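Quick one: structure below, then a few questions.
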Amino acid sequence: MTTSVTVRVPAKVNVQLAVGPARPDGFHDLANVFLAVGLYDEVTVTETDAFSLTCTGPGSDQVPLDRTNLAARAALALAERHGLGDPKVRIHIAKDIPVAGGMAGGSADAAGALVACDALWGTNASRAELLDICAELGSDVPFSLVGGAALGTGRGERLEPLDVGGEFWWVFAVADGGLSTPAVYREFDRLSPDAPAPVASPALLDALRTGDVAALAASVTNDLQPAALSLFPSLKSTLDAGRGAGALAALVSGSGPTTAFLAADEAAARAVASALVASGTCRAARVACSPAQGAVLISG
């Protein structure tokens, strides 16, 4: 009998994040083009005598280890739906996705815990049920489950899969410190009181479909970037350093403060990463390829 299951889950970058005005429920309508990238957390769920959560890896000291953690909430939600009572499992998160960096690490962990618990408990939840639970947990969690590339609408939870015609190489510069996603949205509301309804860019979708890196570089956008830069002004120096090192495009990843740089190929990405580290404008620089698979069972 299986007593432990491990699932690998990817980070994401938003190649387009178009944000509408605040809705009455406090959320914002989005046209959010997600691209999963090859930086991964691993979530292991093991049968034990009592519920617990542990975390190791870069930034793990910033991860909550109680039931407010999204991975814990995912396990609890699945157990409740299937009448399993309080789940007696230990959830261990091995972090490699930057924490509080706008790359959906917490959402990825939730998707990983959900898939792992489903496999461990034999609940045989359908993909639709898993996606429904994901959407209840957070706007980015459904995409962490499916991976690849997708257009997220509503508050980002309604996904339309997108075709990607090639590989895209990225560099992610990890900042010292974090940004609160709610705080970034509040600053967006202050800076953009008359934001138009969000619409996906046809040019960007076509660039993804054809695998045209130059066209993608010309069409990436993030409506939250001015708000992130307002709250974290030093990110401008990081963006400038990446552009100066030859990145084809530079943008804040999601709500930040991680910054993302699109490169022509793997060699160019590694050169940009080296230059960013040497510039002293970031704590670390990570190279990754996209698209990447969503949540994948790797043991158990």
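The values are calculated or read from the model by the stated rules, or taken from the named source; none is laboratory data. Since the structure is predicted, the reported quantities are computational estimates derived from the model, not experimental observations. Counting neighbours? That spans all protein chains shown, and the Cβs are built from the backbone with ideal geometry, glycine included.
Give all pairs with beta carbons closer than 8 Å in which a residue from the stretch 251-274 that is in the same structural domain as LEU35 (by TED's automatic domain parsing) meets a residue that is acidic (Asp, Glu) and surrounded by fewer than 24 Cβ atoms within 10 Å (Cβ to Cβ); count only pairs at least 6 apart in sequence or on separate chains.
Nothing qualifies.
ALA150 is checked against (1) out of contact with any Leu (no Cβ under 6 Å at 6 or more places or on another chain); (2) part of a strand (DSSP E or B) and fails just one. What number does that condition carry?
Checking ALA150 against (1) out of contact with any Leu (no Cβ under 6 Å at 6 or more places or on another chain); (2) part of a strand (DSSP E or B), the one that fails is (1).
Collect the residues in the stretch 242-269 that are hydrophobic (A, V, I, L, M, F, W, C) and over 27 Å from PRO182 (Cα atoms), keeping them in residue-number order.
As a first pass, look at the stretch 242-269 and keep what is hydrophobic (A, V, I, L, M, F, W, C): 245, 247-252, 260-264, 267-269.
Listed by number, the residues that qualify are ALA245, ALA247, LEU248, ALA263, ALA264, ALA267, ALA268, ALA269.
Could you check, for the stretch 58-76, whether at least one of its residues is modelled with pLDDT of 95 or more and assigned to a strand (DSSP E or B)?
no
If we keep just the residues of the stretch 48-57 that are outside any loop (DSSP other than H, G, I, E, B) and touching a residue at least 40 places away in the same chain (Cβ under 8 Å), which is nearest to the chain's Cα centre (by Cα)?
Start the filter on the stretch 48-57 by keeping residues that are outside any loop (DSSP other than H, G, I, E, B), which leaves 52-56.
Retained after the next criterion (residues that are touching a residue at least 40 places away in the same chain (Cβ under 8 Å)): 53, 55.
Working: LEU53: 21, CYS55: 18 Å.
Among residues in the stretch 48-57 that are outside any loop (DSSP other than H, G, I, E, B) and touching a residue at least 40 places away in the same chain (Cβ under 8 Å), the one nearest to the chain's Cα centre (by Cα) is CYS55.
May I pose another question? Is at least one residue of the stretch 173-181 in the same structural domain as ALA241 (by TED's automatic domain parsing), more than 21 Å from ASP29 (Cα to Cα), part of a strand (DSSP E or B) and in contact with a Ser or Thr (Cβ under 8 Å, 6 or more places away or on another chain)?
Yes, the conditions are met somewhere in the stretch 173-181.
Just to check your reading of the model, which residue among SER237, SER219, SER255 is on the phi < 0 side of the Ramachandran plot and more than 21 Å from the chain's Cα centre (by Cα)? Spell out how you get there, then give the answer.
Values: SER219 fails: more than 21 Å from the chain's Cα centre (by Cα); SER255 fails: more than 21 Å from the chain's Cα centre (by Cα).
So the residue among SER237, SER219, SER255 that is on the phi < 0 side of the Ramachandran plot and more than 21 Å from the chain's Cα centre (by Cα) is SER237.
Table: residues versus (1) of a type in the set (Phe, Trp, Tyr); (2) out of contact with any Leu (no Cβ under 7 Å at 6 or more places or on another chain).
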site	(1), (2)
TYR185	yes, yes
ALA195	no, yes
GLY211	no, yes
SER237	no, yes
GLY256	no, no
PHE261	yes, yes
ASP265	no, yes
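Additional query: What pairs come out if I take residues in the stretch 130-148 that are under 17 Å from ASN32 (Cα atoms) and pair them with residues that are β-branched (Val, Ile, Thr) and assigned to a helix (DSSP H, G or I) whose C-beta lies under 6 Å away, six or more apart or interchain?
CYS134/VAL141
Please go through the stretch 60-103 and pick out each residue that is in contact with a helix residue (DSSP H, G or I) (Cβ under 9 Å, 6 or more places away or on another chain) and β-branched (Val, Ile, Thr).
Answer for the stretch 60-103, where residues must be in contact with a helix residue (DSSP H, G or I) (Cβ under 9 Å, 6 or more places away or on another chain) and β-branched (Val, Ile, Thr): VAL63, VAL89, ILE91, ILE93, ILE97, VAL99.
Continuing with this model, one more query. Please go through (1) surrounded by 19 or more Cβ atoms within 10 Å (Cβ to Cβ); (2) more than 17 Å from the chain's Cα centre (by Cα); (3) among the small types (Gly, Ala, Ser) for SER126 and return the number of the only condition it doesn't satisfy.
Tallying (1) surrounded by 19 or more Cβ atoms within 10 Å (Cβ to Cβ); (2) more than 17 Å from the chain's Cα centre (by Cα); (3) among the small types (Gly, Ala, Ser), SER126 fails exactly one: (1).
Can I ask one more? Answer yes if at least one residue in the stretch 169-178 is touching an Asp or Glu at 6+ places or on another chain (Cβ under 7 Å) and farther than 28 Å from VAL99 by Cβ, and no otherwise.
Looking only at the stretch 169-178, we keep the residues that are touching an Asp or Glu at 6+ places or on another chain (Cβ under 7 Å), and these are 169.
This time we only want the ones that are farther than 28 Å from VAL99 by Cβ, so: none.
No, every residue in the stretch 169-178 fails to be touching an Asp or Glu at 6+ places or on another chain (Cβ under 7 Å) and farther than 28 Å from VAL99 by Cβ.
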